[in-house]
Structure formats: structure tokens, C-alpha cells
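Take a look at the structure below.
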Amino acid sequence: MEFSTFASLSFLLVTLSSMCNMEARVHHHKHKHQADHHSSGSISYISAPPTLSPEPSSSPNPGIAAPAPAPVDGAYPDRVVLDVRGFGAVGDGLTDDTNAFKMAWDAACQKNGSAVMILVPKGFTFMIQSTIFTGPCQPGLVFQVDGTISPPDGPEAWPEKNSRRQWLVFYRVNDMSLVGGGAFDGRGHKWWDLPCKPHKVAINGTKPHGPCDSPIAIRFFMSSNLSVERIRVKDSPQFNFRFDNCKNVHIESIHITAPALSPNTDGIHIENSNGVGIYNSVISNGDDCVSIGAGSYDVDIRNVTCGPSHGISIGSLGNHNSRACVSNITVRDSMIRASDNGVRIKTWQGGSGAVSGITFSNIHMDTVRNPIIIDQFYCLTKDCDNQTSAVHVSDVVYENIKGTYDVRSPPIHFGCSDTVPCTNLTLSDVELLPAKGDVVADPFCWNAYGDLETLTIPPVSCLMEGAPARSSPAADVVDRCL
């Protein structure tokens with residue numbers, strides 16, 4: 001995520017380099033890769049409960065009966081199927097179907113003794129307002145999206161009484177599946193063109209006053225045992241998926257698309273969550289494919305195709321001098337292409353906490369700027385103050401990372417805090433060649449310690465051997481999230 005997101009009860013949003021050079025030496029000592037797998041840290045204040053949804057507007061055509069639901073042809077013989085059209089949804093893309101969806105949800109939640117499915121049928125587009133689907137519900141609820149669900153078309157069509165920070169929220173649900181071959185069409189183009197958005201500010205040179213909120217498409221909050229499979233999301237106004245304070249989340253075979261210049265359209269953001277698996281998915285957007293925020297641990301990402309995008313990121317962490325703890329993150333067997341970054345760890349100066357137990361394994365880079373990057377001087381302006389405290393980055397493994405890099409930036413960049421060095425960085429089987437030309441750029445290192453287990457291309461001669469001296473002042477300011 002390229003900006004920090006902060007809010008309290010109305011919840012969320014605003015999370016969202018200075019470097020020098022130094023000489024070091026090549027080394028071949030091996031250090032054990034260790035991780036504290038359960039360092040969840042303190043609760044991030046950007047993860048606030050969702051505000052209540054306003055009551056949906058009444059049907060624009062009172063007295064006209066909704067069409068009878070089409071038979072489902074025995075497709076789900078083991079479930080009670082609740083077709084949203086049976087609750088008055090029209091599905092013409094214009095009628096406000098919010099109330100029908102909420103009634104279907106309430107009926108499904110209260111259904112005792114039966115496996116229940118809410119069906120959004122194929123061939124229809126349902127327009128619904130900003131809505132919170134609140135649990136608890138009966139375990140095993142399936143929300144089957146075969147058709148298309150869309151919000152109002154842009155800021156002007158968004159009712160003033162509705163939150164502009166959220167579209168669909170699932171709150172306090174357990175053992176639920178969001179599945180199907182349908183789509184969520186976020187209709188984000190008019191949101192991206194607001195004059196306060198980063199790309200507009202860059203053109204105009206000044207930042208307009210006033211709110212610049214845009215809704216997250218789908219958010220799960222304080223929920224557990226979730227499955228999201230075969231869902232497509234396109235053109236989200238802001239983040240596509242966000243998981244706050246969730247545990248045991250399985251994400252499989254999803255497809256997320258947005259233009260490369262769409263601002264802040266992170267594919268999947270994880271915050272204060274654990275036990276998250278993201279598998280066999282394709283993400284192309286204008287920000288991070290996956291961003292992992294404070295308080296997250298036990299995250300496994302495998303076989304993800306990412307890009308164009310800003311890569312797969314841990315962070316940003318430590319903004320506004322906050323504490324952040326992230327551990328046991330694995331990204332493997334994936335591809336990143338035509339992206340501003342590859343695998344990235346980004347932290348602000350002045351934060352505290354730790355990032356540890358990180359593995360990036362078997363990743364192919366295709367014309368990626370900054371394929372491997374640690375940036376502990378992350379800043380969205382040019383006037384961030386140099387501060388002494390920092391999130392401690394340690395125990396990071398980079399193995400079998402190969403491919404090509406965009407020559408505008410070095411293939412490897414370890415920009416670590418002046419006072420809190422990065423430690424135990426391990427590289428093996430790293431081969432990164434320029435996408436254009438024959439000149440291989442040198443890596444950049446600043447205050448980075450670790451091991452080269454094999455020869456690398458390019459050679460990482462700037463990585464310092466072993467660990468910093470115990471007498472270093474940094475030892476007094478390191479917060480290891482223990």
C-alpha cells in the first residue's frame with residue numbers, strides 16, 4: 001500500500017529516501033533462519049470497527065413484484081438456496097437492490113439446522129449501496145456470486161449518508177465462503193479521477209483541501225475461518241480486499257484487475273490477521289498486489305502472478321511512530337512482471353517493532369524495477385525527518401529469485417535504518433540480469449548484515465558480514481516484538 005490508512009470509529013484510512021553508500025565485504029558464513037511465528041504485536045489503530053450502514057432506500061418501483069427466481073436445476077442439492085431475487089432484487093444494474101441483499105443475508109444467518117447458500121444468479125447485475133453484512137451467522141454459510149455486483153457509479157452517485165470508506169463489509173462472521181464465477185465491478189474510474197489523488201496532485205503541483213476518501217471494495221473485519229474462491233474483482237475505487245483482525249483465511253483462484261495508474265488499488269491487504277493463505281491467483285493493479293500490515297503473522301503466498309503493479313510488500317510499517325510486528329511470512333513459486341517493485345519490505349523512520357522470519361522463494365522477475373528491496377526510509381514526500389528509532393528487519397531469506405530487472409533502479413536495494421541495522425539477510429541462487437543492455441548494475445546496501453550462501457548475479461559485495469557489534473548503540477533501541 002502506497003499510503004497509510006488511519007481512522008478511528010468511522011474506520012480506516014490513510015496507511016498508508018534518503019540513502020547513502022557504504023563499503024562492505026563478501027562473506028560465506030551461514031546463520032540459522034529464525035522466526036517468532038506468533039509475534040502479533042499490538043492492535044493497529046487503523047483497524048477500527050466498521051460504522052453502521054444506513055438503511056437502504058426503498059424500491060424505486062413500489063408495488064411492482066420482483067421476478068420469480070429461476071430454478072437452480074438441483075445444482076446445490078445439499079443446501080438451502082436463497083436466491084436474492086426471491087427477496088426483491090431486480091438485477092438490472094440500475095435498481096437499488098441493497099434491501100433485498102440484506103434481507104437474504106438476515107434470512108440465511110437465522111436459518112437453523114441447514115446448510116445455506118445465498119445465490120447471486122448469473123446473467124444479472126445487482127447495484128447495491130455501501131453495506132455491512134453482520135454476523136454471527138450459522139456456520140457453513142456460502143455466498144455464491146455467479147452474477148455481477150456493482151456499487152453506485154462514482155462519488156456523485158454515492159449517497160451522502162453512506163460511508164465513502166467502504167462498500168461491502170463482512171463483520172464478525174465465522175465459517176463463511178465467498179465463492180463463484182461472478183464479479184464485483186467497483187466502477188472506480190470516477191474515484192481515481194478525484195483531484196486529490198496522487199497522480200492528479202503530481203500533475204497540478206498542489207494538494208486540494210477536503211476529504212479524499214474512496215471505498216474499499218470488500219472488507220472482512222473480526223472474522224474467522226473464511227474462504228474466498230474463484231471471485232473476480234475489477235476497477236475497485238481503492239483496495240480490492242482488506243482483511244482486518246481475521247484468522248484462518250483461505251484465498252484461492254481469484255482474479256483482480258485495475259489499470260496500472262489506478263491509485264491505491266492494493267489487491268489484497270492484510271492487517272492484524274494470521275493464518276492467511278493466498279494461492280493460484282492473478283493480480284494486476286495500480287498498487288501492491290499483496291500488502292501485509294502490522295500485527296500479521298503466519299501468511300503463506302504461493303503461485304501468484306503479480307503485475308503490472310507495485311509488487312508484493314510487507315508494509316508500510318511504523319508510520320507516525322507506531323509499533324509494528326510482522327512474522328512468519330512466505331512468498332513462493334510466484335511471478336512478478338512489469339512492476340515498480342518485486343518483493344519489498346518498507347518501513348517509516350521513527351517506528352518500532354520487528355519484521356522477522358520472512359522467506360521469498362522461487363520467484364521469477366520479468367522487467368521489474370527494484371526486484372529485491374528493503375526501504376527503511378519510506379516517505380511519500382521529500383521532507384521526512386531522520387529519526388533514530390526504526391522497525392527492526394531480520395531473518396529474511398531470498399532464494400532462487402531469477403529474471404530481469406528494469407535498469408532505472410538497481411536489482412537489489414537494502415536501505416536499512418542508520419541506527420537499527422537489518423540483520424541475518426540470506427541470499428542464495430539469486431540471478432537478476434538487465435532487461436535492456438548488457439551492463440549489470442551494482443546492488444545498493446546501507447547498514448545491512450547477512451550471508452551469501454551462493455554466488456549471486458550481480459555480486460552483493462556491499463552486504464556486511466555476520467552481525468553488528470554488540471556494543472553498537474542500536475542494541476539499545478531494537479524492539480524485537482518478543
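Descriptive notes on the structure:
- For region 122-148, a residue qualifies if it is in contact with a Gly (Cβ under 7 Å, 6 or more places away or on another chain) and β-branched (V, I, T), and the qualifying residues are T125, V145, T148.
- C212 passes every criterion in (1) out of contact with any Cys (no Cβ under 6 Å at 6 or more places or on another chain); (2) within 15 Å of W192 (Cα to Cα); (3) in the same structural domain as M127 (by TED's automatic domain parsing) apart from (1).
- Members of region 418-449 found to be assigned to a strand (DSSP E or B), at negative phi and not aliphatic (A, V, I, L, M), listed by number: C422, T423, T426, S428, E431, P434, F444, C445, W446, Y449
Per-residue answers, yes or no, for (1) in contact with a Phe, Trp or Tyr (Cβ under 8 Å, 6 or more places away or on another chain); (2) assigned by TED's automatic domain parsing to the domain that holds S177; (3) over 17 Å from G182 (Cβ atoms); (4) small (G, A, S):
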position: G91; (1), (2), (3), (4): yes, yes, no, yes
position: L94; (1), (2), (3), (4): no, yes, yes, no
position: A100; (1), (2), (3), (4): yes, yes, no, yes
position: D106; (1), (2), (3), (4): no, yes, yes, no
position: G123; (1), (2), (3), (4): no, yes, no, yes
position: I132; (1), (2), (3), (4): yes, yes, yes, no
position: D146; (1), (2), (3), (4): no, yes, no, no
position: G154; (1), (2), (3), (4): yes, yes, yes, yes
position: Q166; (1), (2), (3), (4): yes, yes, yes, no
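- If the condition is being of a type in the set (A, V, I, L, M) and crowded, with 24+ Cβ neighbours inside 10 Å, then region 234-253 contributes only I251.
- Any hit, region 82-94, residues being in a strand (DSSP E or B) and buried (at least 17 other Cβ atoms within 10 Å of the Cβ): yes
- Residue in region 438-446 that is assigned by TED's automatic domain parsing to the domain that holds G315, under 23 Å from N319 (Cα atoms) and either out of contact with any strand residue (DSSP E or B) (no Cβ under 8 Å at 6 or more places or on another chain) or not basic (K, R) (or both) present: yes
- Output for region 404-439, where each listed residue is of a type in the set (V, I, T) and either modelled with pLDDT under 95 or buried (at least 21 other Cβ atoms within 10 Å of the Cβ) (or both): I412, T419, V420, T423, V430, V439
- Test: residue in region 455-477 that is farther than 17 Å from V368 by Cβ, in a strand (DSSP E or B) and either more than 29 Å from the chain's Cα centre (by Cα) or not assigned by TED's automatic domain parsing to the domain that holds N321 (or both): yes
- Residue satisfying condition, being under 25 Å from the mean Cα position of the chain (by Cα), farther than 26 Å from D266 by Cβ and at pLDDT 95 or above, within set L141, L119: L141
- Hits in region 254-295 - residues which are surrounded by fewer than 24 Cβ atoms within 10 Å (Cβ to Cβ) and in a strand (DSSP E or B): H255, T257, N274, G275, G277, Y279, N280, V282, S284
- Among the residues making up region 374-403, those that are farther than 30 Å from G437 by Cβ, among the β-branched types (V, I, T) and surrounded by fewer than 22 Cβ atoms within 10 Å (Cβ to Cβ) are T381, T388.
- Taking region 296-382 and the strands (runs of 3 or more DSSP E) fully enclosed by it, the elements with 3 or more residues that are aliphatic (A, V, I, L, M) are at 297-306, 312-317, 323-337, 352-368, 372-375.
- Test for V116: is it farther than 26 Å from F239 by Cβ and buried (at least 21 other Cβ atoms within 10 Å of the Cβ): yes
The values are calculated or read from the model by the stated rules, or taken from the named source; none is laboratory data. Just so we're clear, the structure is a prediction, and the values are computed from it rather than from any experiment. As a convention, Cβ positions derive from the backbone with ideal geometry for all residues, glycine included, and neighbour counts pool all protein chains shown.
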